[in-house]
Amino acid sequence: MAVHRPIKVVAVTGGKGGVGKTNLSVNLSIALAELRRRVVLMDADLGLANVDVLLGLQSRYTLADVINGSKSIKDVLVRGPAGMHIVPASSGVQQMANLTNQEHAALIYAFGEIANQLDVLMIDTAAGISDTVVSFVSAAQEVIVVVCDEPSSITDAYALIKLLNVEHGVFRFRVVANMTRSTQEGINLFNKLNSACDRFLDASLQYLGHVPFDENMRKAVQKRQSLMEFSPRSKSANAIRVLAQKIDQWPVQNSAKGHLEFFFERLISPAQVSGLHS
Ligand SMILES: Nc1ncnc2c1ncn2[C@@H]1O[C@H](COP(=O)(O)OP(=O)(O)OP(=O)(O)O)[C@@H](O)[C@H]1O
Ligand SMILES: [Mg+2]
């Protein structure tokens, strides 16, 4: 039986729009690629893609071509900074904003084709608590919840965590505070979210860290470059590198959780496979 190299699957989400999910997932992917991991970033904001736009890349094909059966995941991969790869989504394609759960499952299954080509799958999700967000997040191994110091960020993050926890059995969440003005601000945001989850949910929250507010982030976006390329020595780039190092240290899950997951075939043991066939 072939020994598979484990794959880490990390979803970046947050509930609220505009908290920095896309910028964080793009730059974390680059930082992990700089650590010599083979990284693929999936743009799971299926109706309003912006990972490729953010990086100034031209995508010939997108996940819409995978859904309609004309292309495979390998065909749509685009090379990005530091050798990471992107699976682009389409923008303004109505059908992609309203996929069925079978179509979500088909997309998750389609990634099996590239299982030998990556160490980390990063998933940038849309804002909100749509079926699309919930499907991809609950099919990942690790969930990063991005929050910032805006009134609805903590309540939106809590609503998302509650849904994932109560309805979909997601237990572990890692929290990143973005656009912080101080180290303490990030800790305070985490404590606020953690105390609500502690009281009402059976979920475990861990603080991954913070990314300071940094004008370089907006300037990089305007230049259609990643922060890691535009301003690699900036305070936000340094903070993202610290987060990437922590992510790199996380143990990789190597058994199936019993529901739909990315790279499911690699997570089931030979005994479970024979059980499936008996
Ligand atoms: N640490 C930061 N400092 C300053 N500006 C930031 C920071 N992080 C993100 N931004 C800015 O916030 C805006 C929103 O970022 P981004 O698009 O990544 O958010 P998002 O959560 O993906 O949004 P959406 O919910 O629309 O997908 C961008 O203009 C970005 O430059
Ligand atoms: Mg986004």
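The values are calculated or read from the model by the stated rules, or taken from the named source; none is laboratory data. All values derive from a computational prediction rather than experimental measurement. No Cβ is skipped: glycine too gets one built from the backbone with ideal geometry, and neighbour counts run over all protein chains shown. Only protein heavy atoms, including side chains, enter the accessible area calculation; ligands, DNA and RNA are left aside. Shrake-Rupley method; radii C 1.70, N 1.55, O 1.52, S 1.80 Å.
Before moving on, here are some points about what is shown:
- Residues satisfying the stated conditions in segment 62-79, i.e. surrounded by 14 or more Cβ atoms within 10 Å (Cβ to Cβ) and more than 16 Å from Q95 (Cα to Cα): K71, S72, I73, V76, L77, V78
- Test: residue in segment 188-204 that is among the aliphatic types (A, V, I, L, M), part of a loop (DSSP other than H, G, I, E, B) and open to solvent by 70 Å² or more (accessible area, probe 1.4 Å): no
- Scanning segment 94-120 for residues that are β-branched (V, I, T) and over 19 Å from S135 (Cα atoms) yields one hit, I114.
For every residue, the table says whether it meets (1) farther than 22 Å from G83 by Cα; (2) in contact with a helix residue (DSSP H, G or I) (Cβ under 8 Å, 6 or more places away or on another chain).
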position: V10; (1), (2): no, yes
position: G17; (1), (2): yes, no
position: L28; (1), (2): no, yes
position: V39; (1), (2): no, yes
position: G47; (1), (2): yes, yes
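- Filtered by the rule that a residue be within 8 Å of ligand 1 (Cβ to nearest atom) and out of contact with any Asp or Glu (no Cβ under 9 Å at 6 or more places or on another chain), segment 217-245 gives M217, R218, V221.
- Filter pass, A127 being in contact (Cβ under 8 Å) with a residue 40 or more places away in the chain, under 20 Å from A31 (Cβ atoms), open to solvent by 40 Å² or more (accessible area, probe 1.4 Å) and not hydroxyl-bearing (S, T, Y): no
- Filtering segment 234-263 to residues that are open to solvent by 70 Å² or more (accessible area, probe 1.4 Å) and assigned to a helix (DSSP H, G or I) leaves K235, V242, Q245, K246, Q249.
- Test: residue in segment 52-59 that is in contact with a Pro (Cβ under 8 Å, 6 or more places away or on another chain) and away from ligand 1 (no atom under 16 Å from the Cβ): yes
- Leading residue by the ranking (nearest to L77 (Cα to Cα)) among those in segment 20-48 that are within 14 Å of ligand 1 (Cβ to nearest atom) and open to solvent by 10 Å² or more (accessible area, probe 1.4 Å): D45
- All of (1) part of a helix (DSSP H, G or I); (2) in contact with a strand residue (DSSP E or B) (Cβ under 8 Å, 6 or more places away or on another chain); (3) more than 16 Å from ligand 2 (Cβ to nearest atom) hold for A159 with one exception: (2).
- Condition check for E229: modelled with pLDDT of 95 or more, out of contact with any helix residue (DSSP H, G or I) (no Cβ under 9 Å at 6 or more places or on another chain) and of a type in the set (D, E): no
- If you go through segment 144-187 and keep only what is open to solvent by less than 20 Å² (accessible area, probe 1.4 Å) and of a type in the set (G, A, S), you end up with S153, A157, A177, G186.
- Residues in segment 205-233 that are within 16 Å of ligand 2 (Cβ to nearest atom) and either in contact (Cβ under 8 Å) with a residue 60 or more places away in the chain or open to solvent by less than 20 Å² (accessible area, probe 1.4 Å) (or both): V211, M217, A220, V221, R224, S226, L227.
- Residue within segment 91-101 that is away from ligand 1 (no atom under 15 Å from the Cβ), open to solvent by 20 Å² or more (accessible area, probe 1.4 Å) and among the β-branched types (V, I, T) present: yes
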